[in-house]
Amino acid sequence: MDVHAPAAVPVRGPAEMPVVLTVNGREHVLELEPRVSLLDALREHLRLTGSKKGCDQGTCGACTVWVDGRRVLACLTLAVTCEGREVTTIEGLAPDGQLHPMQQAFIDRDAFQCGYCTAGQIMSAVKLLEEGHAGDDAEIAEFMSGNICRCAAYPNIRAAIRDVRDASGEG
Amino acid sequence: MRPLRYARVTDVEGAVATVAADPDSAFLAGGTTEVDLIRLGVARPSTLVDINALPLADVDDLGAGLRIGALARMSDVARDPRVVARYPAVAEALLLGASEQLRTMASIGGNLCQRTRCPYFRDDVSPCNKREPGSGCAALDGISRGHAILGTSEHCIATHPSDLAVPLVAFDAIVHTVGPAGTRMIPIDDFYLAPGTTPEVEHPLAHGELIVAVELPPLPLAQGSLYLKYRDRQSYEFALVSVAAAVAVEDGVVSAARLALGGVGTVPWRARLAEQHLLGAPATPERFAAAAAAELAAATPRPDNAFKVALARRAIVRGLTRAVEGGRS
């Protein structure tokens, strides 16, 4: 290697190593290999099982969480890359014992059947309204297309999103 | 998933030096392709060098042109008012690709380097010259509905999947890199390599060479540009055929045209033959169809994807027609 190269960058792994994750406002030190996805860290290590593993290849959206306030797919995110960032899951969406308006709207509108995709749908839907792409049903469908519902509860999901949009003035 | 080592870098020089020093390492940006392919066993780096902390996420105004940082995210670039105003086809292509979650993660540099969706490449089992050079091509006699009809070879017919790259080739974008040998500016025409006899070589980047920005040169014509995408479902799917088009018309005659195709080429396909046919021609659907036919004369369809020839011809005519209507003519 060139002697003028910058100081060597520390390389970690492949064995387990301490990884500091901030999830729902709480800091956790986990022993993780670098290959562990954020989804597996949440579900298997932190026992936050609200985020679901559907496809594990970025197709279905069931694992949608927020990193630094933006919706991402936890299955394609390596946990170690989230050090120093804020992770929010469905468990952190509202204070304990309360429901976020989007959660309440999903209940009111019966916006799910089996429920497997629901956490991802809700985490995506809240951001959809912040992003301002819920003007009509076509726009909602387009910007929610990364969240698949095998039960095809889409009409009710859109209705729930419309309710929150109309109540909040977002979207 | 195979074990991985991990390093996080904070400056471009450190990123380049770290990857250049280890032939089994790779840059990690948004990870939407990289992590997926590692999990499938198709990509096999032993070390990932996380470049997300590098200061490469801005879109800089160059006066008339734009310099898009390689770590700018698809979702942000799609909404940048300067991109929307000056290169609407770029914004449209970005928003018609992937899903919002993936667009939030995926970087511009990574988008340029994304790998084909050919199922034989991705299954890690079938013969695939792109994945295992010399092993053959299962797509040639396999299911080839999504495969390329332009730029193919007997070694590979995999389609390049990027939407973004289609308007970028139409607008002569320039890829800026920093590598072990210094900095380079690569015209995007030279960035994408047709498969030929070496389908495993997709671009001219050296190991450790990092894309730091994509430059969109000044092109007033692009203000009236558009991107059309046709696919098996309405959203969240790769293109069967897509078109980036920009046309200027004076006195009913085409005075300037840019045209590129996605979903049909082994590389994002600049339709230069069609552009030549358009220049000086009446801006009519008949002449647009003739230009499309000229471009598609070299097509090498297979039974499964022969429909792409007609679909591409129609998409070109529609794209040019709408570009004339919406563009500054």
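Where a number appears in this text, it was derived from the coordinates with a stated rule and is not lab data. Quantities reported herein were computed from a predicted structural model and do not represent experimental measurements. Backbone-built Cβ (ideal geometry, glycine too); neighbour counts: all protein chains shown.
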Go from 0 up to the bin containing the longest alpha carbon distance in the stretch B:225-326, width 10 Å each, and give me the % of pairs per bin. 17, 52, 26, 5, 0
Rg and Dmax of the stretch A:1-83, Cα atoms only, in Å: 14.9, 50
Using the Kirkwood radius built from alpha carbon pairs, what does the Stokes-Einstein equation give as D for chain B at 4 °C and 1.567 mPa s, in µm² per second? 64
Rounded to whole Hz and in sequence order, give me ³J(HN,Hα) for the stretch B:142-150 from the Karplus expression 6.51 cos²θ - 1.76 cosθ + 1.60, θ = phi - 60°, writing x for Gly and Pro. x, 7, 10, 4, x, 7, 7, 10, 10
Give the long-range amide H neighbours of A:Ser37: residues separated by 5 or more places, or on another chain, with amide H under 5 Å away, using H modelled in the peptide plane at 1.01 Å from N. A:Ala79
Could you tell me how far the Cα centroid of the stretch A:124-168 sits from the Cα centroid of the stretch B:237-304, in Å? 36
Size of electric dipole in chain A: Cβ of Lys, Arg +1 and of Asp, Glu -1, about Cα centre, debye, nearest 20: 320
Relative contact order for the stretch B:29-82: what is it in percent, counting Cα pairs under 8 Å that are at least 6 residues apart? 25
Quick query: amide H of B:Leu240 versus all other amide H atoms, modeled in the peptide plane; which residues come in under 5 Å with a sequence gap of 5 or more or a different chain? B:Tyr230, B:Arg231, B:Asp232
Residue by residue through B:31-37, how many Cβ atoms from other chains fall within 10 Å of the Cβ on average? 5
Starting from the amide H of B:Ala98, placed 1.01 Å from N in the peptide plane, find each other amide H under 5 Å away whose residue is 5 or more places distant or on another chain. B:Glu237
In debye, nearest 20, what is the charge dipole magnitude of the stretch B:225-326 about its Cα centre with +1 on Lys and Arg Cβ and -1 on Asp and Glu Cβ, if you could check? 300
Protection proxy (average C-beta count within 10 Å per residue), highest first, orders B:46-56, B:261-271, B:197-207 as B:261-271, B:46-56, B:197-207
Across 5 Å bins from 0, what is the distribution of all Cα-Cα pair distances for the stretch B:95-154, in whole percents? 4, 16, 21, 20, 15, 15, 9, 1
Which residue, B:Ala53, B:Val12, B:Val42, has the largest displacement toward the positive end of the dipole of the stretch B:5-53 when charges sit on each Cβ (Lys, Arg +1; Asp, Glu -1)? B:Val42
Dimensionless Rg/Rh of the stretch B:5-53 - Kirkwood Rh, Rg from C-alpha atoms: 0.96
Given 20 °C and 1.002 mPa s, compute D for the stretch B:6-86 with the Stokes-Einstein relation, Rh being the Kirkwood radius over Cα pairs; round to the nearest whole µm²/s. 151
So what J values fall out for the stretch B:47-60 if you push phi through Karplus, 6.51 cos²θ - 1.76 cosθ + 1.60 with θ = phi - 60°, rounded to Hz, Gly and Pro as x? 9, 9, 9, 6, 9, 5, 8, 6, x, 10, 9, 8, 9, 9
Relative contact order for the stretch A:17-91, counting Cα pairs under 8 Å that sit 6 or more residues apart, in percent: 39
With θ set to phi - 60° and the Karplus curve 6.51 cos²θ - 1.76 cosθ + 1.60, what are the ³J(HN,Hα) couplings of the stretch A:103-120 in order, to the nearest whole Hz, using x for Gly and Pro? 4, 4, 5, 5, 5, 4, 9, 6, 8, 6, 10, 6, x, 5, 8, 5, 4, x
Quick check on chain A: what does the Kirkwood estimate of hydrodynamic radius come out to from the alpha carbon pairs, in Å? 17.0
Ranking of B:Tyr6, A:Tyr116, B:Tyr120 by count of other Cβ atoms within 10 Å, fewest first: A:Tyr116, B:Tyr6, B:Tyr120
Here the net charge surrounding B:Gly63, from other residues whose Cβ is less than 14 Å away from its Cβ (Lys, Arg +1; Asp, Glu -1), is 0
Looking at the protein assembly as shown, what % of the alpha carbon pairs are farther apart than 43 Å? 16
The size of the Cβ-based charge dipole (Lys, Arg +1; Asp, Glu -1) of chain B about the Cα centre, to the nearest 20 debye, is 760
Quick one: compute the contact order of the stretch B:11-156, relative version, from alpha carbon pairs under 8 angstrom and 6+ residues apart, as a percent. 19
Of A:Gln98, A:Gln121, A:Gln57, which is the most mobile in a GNM of chain A whose springs link Cα atoms less than 10 angstrom apart? A:Gln98
